[in-house]
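The values are calculated or read from the model by the stated rules, or taken from the named source; none is laboratory data. Just so it is clear, the model here is predicted, and its values are computed rather than measured. Ideal geometry is used to build each Cβ from the backbone, glycine not excepted, and the neighbour counts take in all protein chains shown.
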Amino acid sequence: MDVFGSFALILAFVCALYAFGGGIAAIVTRHPLLIKSARQSGMATCALIFVSTLSLVYLFFSDNYSVAYVVSHSNRDLSTFFKVAALWSGQEGSLLFWSFLLAIYVFSVLFTYRSKNGELMPYVGVILAGVQLFFLTISNFVASPFKALGVANASGAFDLVARADGNGLNPVLQYPEMVIHPPNLYSGYTGFTIPFAFALAALLARYPGEKWIHLTRKWTMIAWCFQSMGILLGAHWAYAVLGWGGYWGWDPVENASLLPWLTGTAFLHSVMMQEKRGMMKVWNVWLVFVTFMLCILGTLLTRSGVVSSVHAFAQSSIGSWFVGFLCVVAGVCLAAYFKNKDYLKSENQLDSLVSRESSFLFNNLVLLVACVAVLSGTLFPVFSEWFTGSRISVGAPFFNKVNIPLGLLLLFLTGVGPLLAWRKTSTESLLRNFKWPSILGLLAGVTAFMFGVREMFALICFVLCVFVGSTIVQEFFRGAKVVRIRSGASWLASCVDLTLRNTRRYGGYIVHLGMVMIFIGLAGQAFNKEVEKELPIGSTVKIGNYDLLLQSMDQKQEKNYVADRMIVEVLRNDKPVMMLYPERRNFPTNQESGTMVAIYSTLREDLYVVYAGMNPQTNLPTVHAFINPLVKWVWWGGMVVVMGTIVALLPSRAAVVVLAKAASTAGAPELGGMRPAQVALREGHD
Amino acid sequence: MKKQAKFGIGIGVIVISMVSLAWLGYGESKTYYHTLAELDTLKGSARTERMRIGGTVQNGSIHRMTGRVDFVLEGEGKSLPVSYVGSDPLPDTFVDNSQALIEGRPAADGRFVAEHIQAKCASKYEAAPGGKLPATPAGT
């Protein structure tokens with residue numbers, strides 16, 4: 001099967017080569033047969049990558065320990081569930097998995113538009129094939145996942161050997177999130193290839209109009225949604241597994257995943273300026289280019305060990321390949337831009353500081369400044385070594401100092417932006433839209449202050465969250481009121497109806513609501529508490545309102561590991577609440593151990609208990625407990641963001657249908673019944 | 001032109017305040033990378049800067065006390081006594097002979113006071129019977 005897999009991979013490389021070279025020839029000659037064959041070759045590439053990936057999965061399932069990659073990342077006792085995850089637990093497999101996910105996207109694009117957009121698609125096909133070609137080169141010739149296990153003999157040649165069992169999967173990866181986090185994040189990373197290909201293709205082909213934007217909007221949102229989920233799942237994994245009580249540590253690899261998310265978010269917003277007003281064309285094209293390059297950079301940071309990180313793999317030569325590829329991409333983008341610069345001329349100018357355009361402009365500015373700050377902080381060790389000779393790194397204070405104010409500014413814009421009119425907003429409309437949200441926000445601030453909240457950023461954040469939340473609720477309320485007057489349906493049904501009529505606008509609001517929830521959770525960090533104590537059995541440790549009573553210790557034998565458990569009773573105000581079982585798992589196969597945090601989570605706060613190990617001197621177990629307020633809001637907010645994105649991806653219910661329905665329900669038409677209905681249908685407010 | 005100026009001012013204010021915040025954060029958290037051998041050659045203020053040093057944990061040198069863990073870091077023929085005083089629990093991979101990256105400041109008495117420790121188990125996938133494999137620690 002390993003020969004089969006690697007053969008499929010080589011064939012995929014050949015097909016990609018044809019899709020690339022033949023595609024260029026097709027663009028030059030415009031020969032229909034050539035165009036068709038290049039497209040089909042692109043599809044064949046994808047199919048062969050599927051086959052190759054599946055055969056690697058098969059090697060894991062069939063416990064084939066003659067393949068080096070399988071030996072390093074699996075063993076017989078590993079559960080089936082984690083054998084799938086073992087596919088992307090190492091360098092070679094991850095890169096093949098990258099190709100696999102990209103192939104899904106590429107195949108969908110080539111198939112969906114096989115008989116549409118004839119002018120544009122040959123270019124798109126060539127660009128996609130180019131990207132695939134790079135990853136296939138790596139997987140075939142630099143880091144092959146199908147390499148047989150060999151041992152050097154005296155003459156320097158390799159003898160093939162097979163092992164009875166593998167080394168097992170790294171214990172920190174043996175958690176359910178690890179099975180879903182990387183695919184999500186990679187789907188985000190790879191997904192941004194599609195908008196990149198369309199943007200570059202439109203620029204190269206001087207494709208008229210804003211059609212490429214309409215074409216790529218849904219692909220960008222899909223990639224963005226996966227990226228968001230991937231980041232949050234990663235954060236949740238770090239929280240539940242690593243046992244340090246937090247979920248975001250500004251680690252280089254975390255930062256790497258945030259960078260394309262920031263520019264991708266900026267793009268999703270600024271693209272509306274181009275759609276509605278024909279502005280920011282250069283900016284948008286470059287945002288897409290940069291987002292794609294940041295995705296590649298993210299992969300480079302994870303894979304090469306350029307910056308030290310808990311995630312990074314051992315030093316490897318793969319970094320130089322990625323640097324080379326980044327240079328090629330940047331070169332192509334620059335060349336295309338300078339050649340066809342005039343194609344991107346703006347049709348309008350900014351009119352007023354208090355306008356939708358201006359809010360988008362500042363939204364983009366904030367996201368970009370955040371991106372630059374995170375990027376420079378992450379790469380600081382590299383740059384400082386180049387310029388000063390000594391390697392200097394920056395830590396959390398650097399990132400927090402810049403990003404907290406930026407985050408709050410962004411939150412403010414989230415509330416304000418969608419309610420400003422295009423071009424210029426009148427004072428009356430400002431008053432009408434922002435009177436109640438401002439009053440509610442300030443009231444919430446005063447209340448929080450009276451209850452003893454003194455941390456400035458947390459206080460500002462709560463005020464803004466209430467402000468933004470109320471603007472969104474107000475929007476739903478206003479829209480639903482109009483629908484309700486006409487249809488007489490319940491508030492909930494009216495809200496659903498409203499959302500389905502303009503999925504893009506109301507889906508966007510739902511995403512914003514999710515972001516507000518995430519910010520509430522982030523602000524909770526200002527009130528974290530922690531305690532660490534050696535605890536004899538039968539004694540308690542106090543944290544916040546809770547008393548943790550260590551009842552006993554026990555040991556649990558599982559298939560793949562042995563777990564030492566603490567049995568902890570949680571008491572709140574002297575009343576028993578529940579039992580928690582923080583564990584330390586010892587994996588005999590690779591002599592490693594991992595923590596399993598026990599969390600009692602409510603919307604108010606998380607009680608987070610870690611068994612931090614046995615002190616060998618005193619022979620007492622150490623418990624490390626945290627109270628992390630509001631953390632759950634982050635995860636729930638994430639789910640709301642995903643839901644909102646899915647809503648925004650649904651096609652809006654056609655206006656015609658709505659009008660027909662309005663006419664039939666308004667059997668005895670009253671004048672006031674029809675007019676607001678038209679207000680609800682007003683376009684161009686998303 | 002006036003409108004453009006307004007935007008310019010807005011953008012300028014944001015960018016300048018962020019740059020100054022970044023500068024403050026940089027001053028607070030900048031950390032130098034040094035090797036164990038370099039540590040002895042540092043002079044003046046460079047000796048009291050925040051820094052990161054990599055090395056191997058000396059076999060049998062880990063002593064756990066309440067609120068503090070002492071051990072000796074070795075490398076390049078040098079050894080350095082370290083006291084870890086950070087609040088995070090030590091990583092599971094922090095054991096005898098593991099590779100560790102310590103972060104903190106040297107104290108006046110020659111000990112190194114570390115606030116953060118990262119550790120990688122060096123021996124993990126190496127020299128397993130039957131073949132030599134590349135060391136590939138934590139995943140994505």
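Being closer than 19 Å to residue A:283 by Cβ, within 11 Å of chain B (Cβ to nearest Cβ) and out of contact with any strand residue (DSSP E or B) (no Cβ under 6 Å at 6 or more places or on another chain) holds for only one residue in A:413, A:367, A:375, A:406, and it is A:406. Contact annotation: residue pairs with Cβ atoms under 6 Å, 6 or more positions apart or on different chains, pairing a residue in the range A:362-384 that is surrounded by fewer than 19 Cβ atoms within 10 Å (Cβ to Cβ) with a partner that is not in a helix (DSSP H, G or I), are A:384/A:392. The residue list A:141, A:134, A:146 contains one member that is more than 10 Å from chain B (Cβ to nearest Cβ) and in contact with an Asp or Glu (Cβ under 6 Å, 6 or more places away or on another chain), which is A:146.
So which residues in the range B:2-38 are aliphatic (A, V, I, L, M), buried (at least 16 other Cβ atoms within 10 Å of the Cβ) and closer than 18 Å to residue B:82 by Cα, if there are any at all? Can you show your working first?
Filtering the range B:2-38 for residues aliphatic (A, V, I, L, M) gives B:5, B:9, B:11, B:13-16, B:18-19, B:21-22, B:24, B:36-37.
Okay, now just the ones that are also buried (at least 16 other Cβ atoms within 10 Å of the Cβ), so B:14, B:18, B:21-22, B:36.
Hit for the range B:2-38 is B:36, nothing else.
Against the condition aliphatic (A, V, I, L, M) and at pLDDT below 75, how does residue B:108 come out, does it pass? Answer is no for this residue. Would you point out the residue of the range A:88-106, among those that are aliphatic (A, V, I, L, M) and closer than 13 Å to residue A:144 by Cα, that is modelled with the highest pLDDT? Among them, the one singled out is A:96.
I'd like the residue in the range A:525-576 that is assigned to a helix (DSSP H, G or I) and out of contact with any helix residue (DSSP H, G or I) (no Cβ under 6 Å at 6 or more places or on another chain) and, out of all such residues, is surrounded by the most Cβ atoms within 10 Å (Cβ to Cβ).
From the range A:525-576, those assigned to a helix (DSSP H, G or I) are A:525-527; that's our starting set.
Next cut, out of contact with any helix residue (DSSP H, G or I) (no Cβ under 6 Å at 6 or more places or on another chain) only: A:525, A:527.
Working: A:525: 19, A:527: 15.
Looking at the filtered set, the residue picked out is A:525.
One residue stands out in the range A:347-361 among those that are touching a residue at least 60 places away in the same chain (Cβ under 8 Å) and surrounded by fewer than 21 Cβ atoms within 10 Å (Cβ to Cβ): the one that is farthest from the other protein chains (Cβ to nearest Cβ), namely A:347. Which members of the range A:76-96 meet the condition of being crowded, with 24+ Cβ neighbours inside 10 Å and under 15 Å from residue A:184 (Cβ atoms)? Correct list: A:85, A:87, A:88. Within the range A:567-622, restricting attention to residues that are acidic (Asp, Glu) and closer than 21 Å to residue B:93 by Cβ, the residue that is modelled with the highest pLDDT is A:583. Take the conditions (1) within 10 Å of chain A (Cβ to nearest Cβ); (2) farther than 30 Å from residue A:406 by Cα; residue B:11 misses just one of them, which is (2). Scanning the range A:205-234 for residues that are part of a helix (DSSP H, G or I), within 17 Å of residue A:272 (Cβ to Cβ) and not polar (S, T, N, Q) gives A:211, A:212, A:213, A:214, A:215, A:217, A:218, A:219, A:221, A:224. Looking only at the range A:163-175, filter to residues that are part of a loop (DSSP other than H, G, I, E, B) and within 8 Å of chain B (Cβ to nearest Cβ); which one of those is farthest from residue A:594 (Cα to Cα)? Only one residue tops the list, namely A:163.
Residues in the range A:440-496 that are touching a Pro at 6+ places or on another chain (Cβ under 9 Å) and of a type in the set (S, T, N, Q): A:470, A:471, A:474.
Results for (1) touching a residue at least 24 places away in the same chain (Cβ under 8 Å); (2) under 30 Å from residue A:630 (Cα atoms), shown as yes or no for each residue.
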site	(1), (2)
A:200	yes, no
A:205	yes, no
A:208	no, no
A:220	yes, no
A:233	yes, yes
A:236	yes, yes
A:239	yes, yes
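Here is a yes/no grid of residues against (1) closer than 18 Å to residue A:242 by Cα; (2) among the charged types (D, E, K, R); (3) more than 24 Å from the chain's Cα centre (by Cα); (4) surrounded by 22 or more Cβ atoms within 10 Å (Cβ to Cβ):
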{"residue": "A:595", "(1), (2), (3), (4)": "yes, no, yes, yes"}
{"residue": "A:605", "(1), (2), (3), (4)": "no, yes, yes, yes"}
{"residue": "A:612", "(1), (2), (3), (4)": "yes, no, yes, yes"}
{"residue": "A:619", "(1), (2), (3), (4)": "no, no, yes, no"}
{"residue": "A:632", "(1), (2), (3), (4)": "yes, yes, no, no"}
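Given the residues B:41, B:66, B:48, B:56, which is the only one that is facing chain A (nearest Cβ under 9 Å) and of a type in the set (Val, Ile, Thr)? Selected residue: B:66, the only one of B:41, B:66, B:48, B:56 that is facing chain A (nearest Cβ under 9 Å) and of a type in the set (Val, Ile, Thr). Output yes when any residue across the range A:189-205 is crowded, with 21+ Cβ neighbours inside 10 Å, within 20 Å of residue A:361 (Cα to Cα) and within 11 Å of the chain's Cα centre (by Cα), and no when none is. No: zero hits.
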